[in-house]
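The values are calculated or read from the model by the stated rules, or taken from the named source; none is laboratory data. Owing to the predicted nature of the structure, the values given are computational and were not obtained by experimental measurement. Cβ atoms come from the backbone with ideal geometry, glycine included; neighbour counts cover every protein chain shown. Heavy atoms of the whole protein, side chains included, go into the accessibility calculation; ligands, DNA and RNA do not. Shrake-Rupley method; radii C 1.70, N 1.55, O 1.52, S 1.80 Å.
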Amino acid sequence: MGKRIGILTSGGDCPGLNAVIRGVAKASYHLMPDIEIIGIQDGYRGLIHGEYKTMKKSDFSGILTLGGTILGTSRQPFKLMRVIGEDNVDKVKNMKANYKAMKLDGLLILGGNGTHKTAALLAEEGLNVIGLPKTIDNDLYGTDVTFGFHSALDIATDCIDKIHTTATSHGRVMVVELMGNKSGWLTLNAGVAGGADAILLPEIPYDLEKVAKVMDQRAEKGKAFSIIAVAEGAMDLQEAKMKRKERLAARKAAGYSSVGAKLAAELEQLTGNETRLVLPGHIQRGGSPSAYDRVLSTQFGAYAARLIQQNIYGVGVAMVDGKVTHHPLKDIAGKSKLVQPDDPLVLCAKDLGIVFGD
Ligand code: F6P
């Protein structure tokens with residue numbers, strides 16, 4: 001009898017999920033022709049509630065370029081996994097029972113930080129799991145790059161490019177708020193790629209006065225417009241002293257819906273420059289994966305099939321120094337890869353005169 005493997009996608013979606021699913025399936029059918037693949041619906045939710053189906057080979061056809069995930073996804077917070085709520089469902093017990101009911105030899109889990117924490121929990125509980133590194137935030141520990149990041153980066157850069165022309169015409173300050181709550185990799189890279197004048201990241205709290213100076217310096221050079229790329233999780237020096245909940249509440253009380261809204265209003269008041277906020281939002285997670293992500297996702301998927309063939313479980317797939325590899329889940333789960341203030345790209349941007357507000 002051939003192997004039976006399950007696959008699920010968890011957390012925020014991104015371009016490349018289907019490309020990984022296809023990579024796993026194609027390589028698995030090629031390496032292990034008897035393999036059966038079970039698709040679990042809507043991430044851990046489907047595993048908890050027993051929503052799954054046996055996939056056909058044809059289900060994996062034509063999905064390389066398709067955005068989103070054919071399996072559906074959901075957010076199931078790690079911190080609640082061992083908590084029995086009002087529905088009286090023991091999530092961990094159910095996941096183990098459904099894994100058994102599906103008669104799985106292994107389970108592939110595509111997701112980011114929270115997803116990997118639950119994957120490590122399931123490995124501890126004795127399930128054969130393999131994690132695959134997904135997130136547009138690129139903040140998963142142990143891998144140089146996650147799939148989805150480059151597609152989002154292309155979209156975010158295109159957005160800054162488009163903002164450039166209208167900013168120039170009107171001589172305005174444009175604040176472009178990009179995704180990234182805890183980590184600013186997307187904003188850092190898109191800011192550099194799009195030629196932003198200031199880049200504000202969650203990892204580097206900013207001084208408003210220093211950001212405002214950018215406009216004055218540019219005005220002196222005869223440039224009437226400025227572009228500021230700000231990550232949704234960025235904060236000013238005052239806010240950095242607060243806990244996250246406190247910070248969000250203080251912003252809300254002041255009538256600001258986000259850091260970008262606060263920044264745009266404060267900059268306009270301080271500098272007198274007409275300022276606009278642009279929020280690309282979930283557009284950054286939409287559409288087809290970029291060529292880079294298609295290649296990366298295919299490599300990750302094929303590598304996971306090899307791991308299944310060799311019965312290697314309890315690991316997360318990663319890209320390290322240009323090579324696909326794997327790490328024990330217990331070594332990577334619960335850690336994040338954040339932008340360090342002395343990251344080479346931060347230093348390079350500073351050499352160009354890009355302001356980080358520190
Ligand atoms: O983790 C990916 C991400 O896109 C973050 O950058 C963002 O903060 C979050 O997901 C948004 O989540 P949701 O889609 O649940 O609003």
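Checked against (1) touching a residue at least 24 places away in the same chain (Cβ under 8 Å); (2) surrounded by 14 or more Cβ atoms within 10 Å (Cβ to Cβ), Pro77 meets all criteria but (2). Go through the stretch 63-121 and give me each residue that's under 19 Å from Arg285 (Cα atoms), hydrophobic (A, V, I, L, M, F, W, C) and within 14 Å of the ligand (Cβ to nearest atom). Once the filter is applied, which keeps residues that are under 19 Å from Arg285 (Cα atoms), hydrophobic (A, V, I, L, M, F, W, C) and within 14 Å of the ligand (Cβ to nearest atom), the stretch 63-121 yields only Leu110. In the stretch 216-230, the residue that is nearest to the ligand (Cβ to nearest atom) out of those that are out of contact with any Phe, Trp or Tyr (no Cβ under 9 Å at 6 or more places or on another chain) and of a type in the set (A, V, I, L, M, F, W, C) is Ala229. Residues that are open to solvent by less than 20 Å² (accessible area, probe 1.4 Å), within 24 Å of Lys337 (Cβ to Cβ), of a type in the set (Gly, Ala, Ser) and within 12 Å of the ligand (Cβ to nearest atom) occur at least once in the stretch 183-201.
Looking only at the stretch 291-325, residues that are touching a residue at least 60 places away in the same chain (Cβ under 8 Å) and within 19 Å of the chain's Cα centre (by Cα) come to 14 in all. Among the residues making up the stretch 122-138, a single one is in contact (Cβ under 8 Å) with a residue 40 or more places away in the chain, more than 15 Å from the ligand (Cβ to nearest atom) and of a type in the set (Asp, Glu): Glu124.
Are any residues in the stretch 213-233 more than 16 Å from Met179 (Cα to Cα) and surrounded by fewer than 21 Cβ atoms within 10 Å (Cβ to Cβ), and if so, which ones?
Of everything in the stretch 213-233, those that are more than 16 Å from Met179 (Cα to Cα) and surrounded by fewer than 21 Cβ atoms within 10 Å (Cβ to Cβ) turn out to be Lys213, Asp216, Gln217, Arg218, Ala219, Glu220, Lys221, Gly222, Lys223, Ala224.
Of the residues making up the stretch 58-75, those that are closer than 22 Å to Ala152 by Cβ and polar (S, T, N, Q) are Thr65, Thr69, Thr73, Ser74. Looking only at residues in the stretch 168-182 that are open to solvent by 10 Å² or more (accessible area, probe 1.4 Å) and within 16 Å of the ligand (Cβ to nearest atom), the one that is farthest from the chain's Cα centre (by Cα) is Glu177. Selection over the stretch 240-275 of residues that are away from the ligand (no atom under 16 Å from the Cβ) and either closer than 16 Å to Gly180 by Cβ or surrounded by fewer than 16 Cβ atoms within 10 Å (Cβ to Cβ) (or both) gives a count of 16.
Could you say whether any residue in the stretch 272-288 is out of contact with any strand residue (DSSP E or B) (no Cβ under 9 Å at 6 or more places or on another chain) and at pLDDT below 95? Checking the stretch 272-288: at least one residue is out of contact with any strand residue (DSSP E or B) (no Cβ under 9 Å at 6 or more places or on another chain) and at pLDDT below 95. In the stretch 21-48, what count of residues is obtained for those that are in a helix (DSSP H, G or I), open to solvent by less than 30 Å² (accessible area, probe 1.4 Å) and within 16 Å of the ligand (Cβ to nearest atom)? Number satisfying all stated conditions: 1. For first residues located in the stretch 206-231 and under 12 Å from Ala196 (Cβ atoms) and outside any helix (DSSP H, G or I), partners that are open to solvent by 70 Å² or more (accessible area, probe 1.4 Å) and at pLDDT 90 or above and lie 6+ apart or on another chain with Cβ distances below 7 Å form the pairs Phe225/Thr168. Considering (1) closer than 30 Å to Thr275 by Cα; (2) within 16 Å of the ligand (Cβ to nearest atom); (3) surrounded by fewer than 22 Cβ atoms within 10 Å (Cβ to Cβ), the lone condition that Tyr141 does not fulfil carries the number (1). From the list Ile63, Ile40, Ile21, Ile7, the lone residue that is of a type in the set (A, V, I, L, M), in contact with a Leu (Cβ under 6 Å, 6 or more places away or on another chain) and closer than 23 Å to Val145 by Cα is Ile7.
As for the stretch 153-166, it holds at least one residue that is buried (at least 22 other Cβ atoms within 10 Å of the Cβ) and either modelled with pLDDT under 95 or within 17 Å of Ala264 (Cβ to Cβ) (or both).
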